[in-house]
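Encoded as structure tokens, the structure appears first; notes follow it.
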Amino acid sequence: MTNQIYTIITFAPVQGFIEKSRKLRDLYGSSYLLSYLSWVICNAAKQYGCEVVSPASINITQGMPNQIIIDGNFPEEDAESALNKAWKCVTETCREWVEENVEDVENIKVDYKPWRRSWGLWTKYAWEFFWVQGNPNESISKVREKLNEKKRWRDWTGINWQGESSTLSGADAIAYPKLGQISDPRNYDYQQEKKDVTAFYKALSEKLGESFIDLTPGLNFSGDEKVQRSKEYGESFIDPDEELSLPELIKRLITHKAVAEKLKERFNKCFQDNKLLNEFEKLSEDLNPQRFTDLNRFKKTKLINDKQQLEQNKFFQGWFQGDGDKAGDYLKSFANKSEESDKTKEFSTEMRKWGDYFKNLPKSKAIANWRVVYAGGDDFLGVFYERKDATDCVKFFSSFKHDTWNEGKVKAEEKKITVSVGFVWASPDIPQRDVLQHCRLAEKSAKNNGRDRIAFRILFNNGNYLEWVCPWWLLEAGLLWNYCDREGKQNWTHIYNDVAVLESRHAFDDDSTDVAMGLLEIYFSKKYVDMVKNKHKQLHPEKADLTKIDSGILGEDKNYHKENSQEVDQTKVNQALNNWIINLAKVGFHLCQQ
């Protein structure tokens with residue numbers, strides 16, 4: 001096509017918006033809002049007569065990438081206007097719902113005038129918008145380079161405030177009615193502010209619970225029972241002890257059915273588009289507190305001595321987060337080629353279809369009690385819940401790459417990229433925020449240790465953890481399930497104790513792997529010793545195509561070079577192999593013990 005022009009759009013912050021998540025509801029809300037904004041921009045481009053190359057299909061509740069590639073001349077002012085208009089719908093809806101429904105706090109009428117200026121500032125300055133357009137016949141890759149260059153020149157407006165910061169991020173002010181109130185700093189009263197904030201969030205939490213009851217068929221409570229139930233359901237949205245910033249509050253409110261209904265009405269007036277209505281409805285259904293009882297870690301109550309007392313969930317959970325490897329490099333391989341646009345769209349379509357497939361996989365009931373939180377394409381998050389042991393989780397990931405990522409297809413039809421996953425096994429005593437943070441770190445560890453693998457992480461109550469990272473091909477070779485002690489049983493206590501004794505005697509030597517390999521042969525068989533000893537299986541080149549060769553057990557060779565040399569340092573390799581086998585024993589004990 002002659003004079004073809006590509007436009008690429010993105011906005012920030014994205015990772016920070018998602019990562020500052022204390023609860024699963026935060027993740028849903030933030031992922032949904034980002035997808036919603038991308039959806040609006042994509043539809044605005046289509047209405048302008050342009051073709052959206054990526055994302056290939058548009059589905060908000062599934063999750064959408066925020067980098068939008070458009071084939072055509074989509075003006076910057078129209079794109080930014082669509083983003084701002086959509087975001088304003090969200091902020092105005094949330095603010096008005098709170099003001100209309102929480103009119104009194106502790107029998108005193110609330111004056112919301114002070115906080116409206118802050119809402120206005122967050123409406124205007126929440127997002128940093130980036131738009132670039134290529135010259136006629138300039139490739140998508142070239143336009144991407146322009147976008148990356150533009151993102152280095154930040155155009156950010158910070159929002160100042162007086163008083164305490166939120167307990168979630170600590171970066172922004174606490175959202176409550178007196179936010180932004182003009183006062184003399186010398187007369188600042190911390191105790192009074194704390195009291196006002198606590199009273200407001202208690203009232204807001206209870207109102208959210210009450211509204212949920214009123215909107216849910218079958219929940220027919222009255223009197224004292226309704227008051228008690230309102231508190232319980234309200235805590236599913238906002239805990240009375242929390243102190244949230246405005247963006248954090250928005251992420252919670254948007255998942256409530258009553259707020260979603262109001263947003264539907266406002267969106268329809270602003271955009272005259274009915275296509276999104278079902279998406280809003282789907283979100284509030286997905287986030288129904290009654291459907292979250294299986295994931296609730298602390299909010300169960302039990303009647304003890306005629307009193308409702310908090311009873312902690314005693315089950316373990318296994319959280320996992322994954323991401324495709326080097327998708328950007330794969331797309332760059334088509335740079336300056338005539339098929340670049342088609343290949344980009346084809347790849348986007350393939351990954352979006354996989355995301356939809358993976359999102360619906362728990363419905364097959366092949367494995368009980370697990371859920372995919374989001375799957376926007378090659379990035380995903382999920383959880384195995386109500387688990388007494390991790391057996392099902394380990395079995396699932398032992399064949400994940402072939403059976404799930406590649407959907408059991410033959411080699412020629414497999415994905416164009418590999419995948420890295422972080423898995424965290426956590427007790428119910430650990431706050432969800434910590435679990436989610438370790439999930440991200442475990443995924444990062446899988447990437448840093450060579451890609452095309454999984455990082456298993458055991459998280460303890462004190463914040464310490466054990467980690468073992470293994471490439472998919474070795475897991476699929478049955479490594480974990482071929483463990484056998486001297487009695488012919490799968491009792492991991494034996495290897496665990498052996499490792500502890502050997503470590504205490506400093507038996508593992510960086511100059512040799514004999515002791516570690518001896519353990520591997522005793523408990524797993526010589527077959528796996530040969531695999532691990534094979535130098536071609538230990539490391540892979542930095543730029544290796546891992547869709548064509550097996551990834552190295554220890555990852556990329558560059559991490560084991562001698563200083564200022566391309567030669568592999570065998571001492572570093574020996575040390576890494578020893579640690580790999582030690583961690584296999586320790587993590588295997590916690591995950592696979594029968």
Only one of (1) farther than 21 Å from F400 by Cβ; (2) surrounded by 15 or more Cβ atoms within 10 Å (Cβ to Cβ); (3) at pLDDT 95 or above; (4) not hydroxyl-bearing (S, T, Y) is not met by D514, so which one is it?
(2)
Out of curiosity, is N274 at pLDDT below 85, in contact with a Leu (Cβ under 9 Å, 6 or more places away or on another chain) and not hydrophobic (A, V, I, L, M, F, W, C)?
no
Restricting to the range 251-264, and then to whatever is under 20 Å from the mean Cα position of the chain (by Cα) and aliphatic (A, V, I, L, M), can you tell me which residue is modelled with the lowest pLDDT?
I254
The condition of being loosely packed, with under 15 Cβ neighbours inside 10 Å and farther than 24 Å from T391 by Cα holds, among K535, K489, K527, K572, only for K535
Going through F267, F320, F298, F292 one at a time, which residue ends up being outside the structural domain of Y112 (by TED's automatic domain parsing), of a type in the set (F, W, Y) and at pLDDT 85 or above?
F320
Could you pull out the residue among G209, G180 that is at positive phi and in contact with a helix residue (DSSP H, G or I) (Cβ under 7 Å, 6 or more places away or on another chain)?
G180
Going by the structure shown, is N482 surrounded by fewer than 19 Cβ atoms within 10 Å (Cβ to Cβ) and in contact with a Ser or Thr (Cβ under 7 Å, 6 or more places away or on another chain)?
yes
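Could you list, in sequence order, the residues of the range 301-317 that are at pLDDT below 90 and buried (at least 17 other Cβ atoms within 10 Å of the Cβ)?
Residue satisfying the conditions is N313 alone.
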Counted residues in the range 73-125 being touching a helix residue (DSSP H, G or I) at 6+ places or on another chain (Cβ under 7 Å), among the polar types (S, T, N, Q) and either touching a residue at least 60 places away in the same chain (Cβ under 8 Å) or outside the structural domain of E265 (by TED's automatic domain parsing) (or both) come to 4
Among the residues of the range 392-435, the number that are closer than 30 Å to S333 by Cβ, surrounded by fewer than 16 Cβ atoms within 10 Å (Cβ to Cβ) and without any contact (Cβ under 8 Å) to a residue 60 or more places away in the chain is 8
Looking at the range 345-384, which of its residues are more than 18 Å from W39 (Cα to Cα) and in a helix (DSSP H, G or I)?
E346, F347, E350, W354, Y357, F358, K359, N360, L361, P362, K363, S364
Are any residues in the range 205-229 at pLDDT below 90 and of a type in the set (S, T, N, Q), and if so, which ones?
T216, N220, S222
Subset of the range 55-75 that is under 21 Å from the mean Cα position of the chain (by Cα) and within 14 Å of Y6 (Cβ to Cβ) - its residue that is modelled with the lowest pLDDT
Q67
Report those helices (runs of 4 or more DSSP H) wholly inside the range 419-510 carrying at least 1 residues which are within 14 Å of I582 (Cα to Cα) and among the aromatic types (F, W, Y).
493-504
Hey, Q133 hits all of (1) surrounded by 15 or more Cβ atoms within 10 Å (Cβ to Cβ); (2) without any contact (Cβ under 8 Å) to a residue 40 or more places away in the chain; (3) in contact with a strand residue (DSSP E or B) (Cβ under 8 Å, 6 or more places away or on another chain) but one; which does it fall short on?
(2)
Subset of the range 510-523, residues closer than 15 Å to Y483 by Cβ, in contact (Cβ under 8 Å) with a residue 40 or more places away in the chain and of a type outside the set (A, V, I, L, M), comes to Y523
Scanning the range 524-560 for residues that are assigned to a helix (DSSP H, G or I), among the β-branched types (V, I, T) and in contact (Cβ under 8 Å) with a residue 40 or more places away in the chain gives V532
If you check Y32 against the conditions, is it modelled with pLDDT under 90, crowded, with 23+ Cβ neighbours inside 10 Å and hydroxyl-bearing (S, T, Y)?
yes
When every residue in the range 529-564 that is of a type in the set (D, E) and more than 30 Å from the chain's Cα centre (by Cα) is compared, the one farthest from W405 (Cα to Cα) is E563
Counting just the residues of the range 557-568 that are of a type outside the set (A, V, I, L, M) and surrounded by 14 or more Cβ atoms within 10 Å (Cβ to Cβ), which one comes out nearest to H506 (Cα to Cα)?
Y560
Among all residue pairs at least 6 apart or on different chains, which show Cβ distances below 8 Å where the first residue, located in the range 321-342, is at positive phi and the second is not β-branched (V, I, T)?
K326/R451; N336/S139; N336/S141; N336/K142
Which numbered condition in (1) modelled with pLDDT of 90 or more; (2) outside any helix (DSSP H, G or I); (3) touching a strand residue (DSSP E or B) at 6+ places or on another chain (Cβ under 8 Å) is the only one that A171 fails?
(1)
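How many residues are outside any loop (DSSP other than H, G, I, E, B) and modelled with pLDDT of 90 or more if we restrict to the range 388-412?
Quick first cut of the range 388-412, residues outside any loop (DSSP other than H, G, I, E, B) only: 391-398, 400-405, 411-412.
Going one step further and asking which of them are modelled with pLDDT of 90 or more, we end up with 391-398, 400-405.
The number of residues fulfilling the criteria is 14.
The values are calculated or read from the model by the stated rules, or taken from the named source; none is laboratory data. For clarity, every value in this text was computed on a predicted model and none was experimentally measured. With ideal geometry, Cβ positions are generated from the backbone for all residues, glycine too; neighbour counts draw on all protein chains shown.
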